[in-house]
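Reading through the structure tokens given below for one structure.
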Amino acid sequence: MMMMSSKNSTIPPVTVPILPHLTDYIPSPDLKTHMTINPLESNPLYHPPQGFYISHHEAILRRIILDLSSSSSSSSSSSSSSSSSSSSSSEAFLRAGPRKQVFFDRDTVRAAIVTCGGLCPGMNTVIRELVVGLWDLYGVRSIHGIPAGYRGFYSRDPIPLTPKLVHNWHKKGGTVLETSRGGFHLTKIVDAIQSHGFNQVYIIWGDGTMRGALKIFEEICRRRLYIGLTGIPKTVDNDIGIIDRSFGFQTAVEKAQEAINAAHVEAESAVNGVGLVKLMGRSTGHIALHATLSSRDVDCCLIPEIEFYLQGKGGLFEFLEKRLKENGHAVLVVAEGAGQDMIPRTDAQKQERDESGNPVFLDVGSWLKSELKNWWSREHPDELFTVKYIDPTYMIRAVPANATDNLYCTLVAHSAIHGVMAGHTGFVSGPVNGNYAYIPLEQVAVAKNEVKLKDHKWAWVRSVTNQPDFVRD
Ligand SMILES: Nc1ncnc2c1ncn2[C@@H]1O[C@H](COP(=O)(O)OP(=O)(O)O)[C@@H](O)[C@H]1O
Ligand SMILES: O=P(O)(O)OC[C@H]1O[C@](O)(COP(=O)(O)O)[C@@H](O)[C@@H]1O
Ligand SMILES: [Mg+2]
């Protein structure tokens with residue numbers, strides 16, 4: 001085995017991670033009343049061995065691939081969710097896990113848990129693990145669920161949660177706490193948090209929720225409240241940046257594959273059969289991409305990150321004509337946000353937004369199906385042709401998490417608890433290059449995770465499908 005000497009190469013300096021902490025704005029006499037040794041120390045189930053506690057010097061590198069070819073080595077992106085910009089210093093995040101010192105006395109903790117936005121497999125597991133973790137690890141006894149998303153803070157009574165109540169929630173899809181879109185009212189929410197006396201707030205969030213959470217966090221800091229706020233990223237679309245992936249994403253891809261399998265069977269069993277599957281993915285095509293790669297039955301994968309066209313040289317119809325001639329059938333996968341600009345719509349439809357302000361899409365699958373049928377009857381009026389359109393929509397997200405996602409939910413929930421107990425606030429827990437890290441909320445809120453068209457994964461889709469690149473001459 002050849003060993004590379006590191007003599008001529010320098011590891012880029014690491015930017016010291018800074019994570020918001022209650023000490024940033026709470027005066028130290030107030031803090032002292034809450035500071036204590038981690039109760040895990042006296043928890044008979046743990047007996048913390050040497051190295052059990054994570055020091056605040058331990059960090060996870062965002063980019064872990066180094067160029068060792070020259071002395072001025074630079075780091076580059078290793079994960080699909082990392083930013084592609086290269087820099088001379090390496091960004092790092094604090095490693096998640098229990099700290100020796102905590103900033104909350106278990107008897108005074110009053111925790112609130114809320115779920116917002118769309119569903120994602122594993123939400124109930126995260127809630128369960130937050131409850132069980134707070135209760136068993138730290139001896140917290142005042143844990144509450146906020147029903148119905150953000151609006152629940154000021155319009156509904158909190159639900160007391162205990163390990164007994166939540167014990168089998170991980171087997172259920174959806175969120176027992178219920179969720180909603182819209183209803184974000186900053187003052188009402190922070191007033192309600194204060195009036196209920198919550199001092200730990202756990203938000204299970206997507207990109208929209210996170211933008212709201214950042215405002216809540218800033219308001220909590222402005223009011224100098226002794227409240228730790230954290231979030232656990234939840235996005236079936238996998239559109240949140242920096243973290244490796246969201247919990248529930250793998251489960252959704254597995255379910256999506258079932259739809260592709262059915263589309264393939266239908267297409268194969270028809271004369272000139274086309275199986276068309278629409279998958280979730282508002283502005284990113286990760287589900288479509290991953291399901292395509294794992295299924296291998298897909299002839300063309302259309303995602304929001306790529307504009308495509310139907311007619312003419314290099315278009316979808318020309319490609320399908322060829323594929324049908326060669327194989328007698330074809331399978332198309334389209335992410336819901338793809339091709340939206342091509343679908344005719346009224347001015348009112350153009351303006352339509354859901355309660356959270358997200359654009360409302362038209363059904364790209366139905367549109368495509370009708371365009372395909374029109375094309376075929378125009379070009380081949382005397383030949384049989386069938387399009388079987390499958391839209392599994394909520395079936396891929398309204399299911400319990402699979403084993404891998406359930407484990408992820410447990411680890412990420414416990415990471416969140418450890419971070420809040422240690423006095424951190426305004427942060428997100430998630431896996432970065434396979435290790436759980438604490439990332440400032442401010443950073444995650446603006447980090448989008450789109451399919452990178454120059455990355456190997458998309459190149460692999462192109463090679464598996466041999467689909468057109470939709471670049472006009
Ligand atoms: N820019 C924003 N500022 C404040 N709140 C927001 C913002 N965007 C979304 N929200 C709120 O976050 C919640 C969830 O947002 P939504 O986009 O529906 O789901 P997700 O968080 O899953 O992406 C809603 O209650 C919505 O009102
Ligand atoms: O019908 P709903 O509940 O608004 O959900 C549909 C949307 O939810 C999503 O799953 C994304 O939701 P989130 O951003 O809330 O995670 C999209 O893929 C889809 O467009
Ligand atoms: Mg969203």
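Summary of computed values
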read-out	value
Where A401 falls short, out of the listed (1) more than 14 Å from the chain's Cα centre (by Cα); (2) part of a loop (DSSP other than H, G, I, E, B)	(1)
Leading residue by the ranking (surrounded by the fewest Cβ atoms within 10 Å (Cβ to Cβ)) among those in region 176-215 that are more than 13 Å from ligand 2 (Cβ to nearest atom) and at positive phi	G197
Only one of S83, S142, S88, S78 that is at pLDDT below 95, over 20 Å from the mean Cα position of the chain (by Cα) and more than 16 Å from ligand 3 (Cβ to nearest atom)	S88
Residues that are assigned to a helix (DSSP H, G or I) and surrounded by fewer than 24 Cβ atoms within 10 Å (Cβ to Cβ), drawn from region 261-274	N261, A262, H264, V265, E266, E268
Meets criteria (modelled with pLDDT under 95, under 29 Å from H414 (Cα atoms) and out of contact with any strand residue (DSSP E or B) (no Cβ under 6 Å at 6 or more places or on another chain)) for G248	no
Test: residue in region 394-411 that is away from ligand 2 (no atom under 16 Å from the Cβ), under 23 Å from A288 (Cα atoms) and of a type in the set (V, I, T)	yes
Count of residues meeting criterion [within 30 Å of L186 (Cα to Cα), away from ligand 2 (no atom under 13 Å from the Cβ) and polar (S, T, N, Q)] in region 335-378	2
Identity of the residue in region 200-226, under 21 Å from R106 (Cα atoms) and in contact with a Ser or Thr (Cβ under 7 Å, 6 or more places away or on another chain), that ends up farthest from ligand 3 (Cβ to nearest atom)	Y202
The lone exception for R245 - which of (1) surrounded by fewer than 24 Cβ atoms within 10 Å (Cβ to Cβ); (2) outside any loop (DSSP other than H, G, I, E, B) it fails	(2)
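Quick grid of which residues meet (1) aliphatic (A, V, I, L, M); (2) under 17 Å from E450 (Cβ atoms):
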| site | (1), (2) |
| --- | --- |
| V277 | yes, no |
| A288 | yes, yes |
| S295 | no, no |
| K313 | no, no |
| L320 | yes, no |
| N327 | no, no |
| V331 | yes, no |
| I343 | yes, no |
| Q349 | no, no |
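The values are calculated or read from the model by the stated rules, or taken from the named source; none is laboratory data. These numbers come from a predicted model, not from an experiment. Cβ atoms come from the backbone with ideal geometry, glycine included; neighbour counts cover every protein chain shown.
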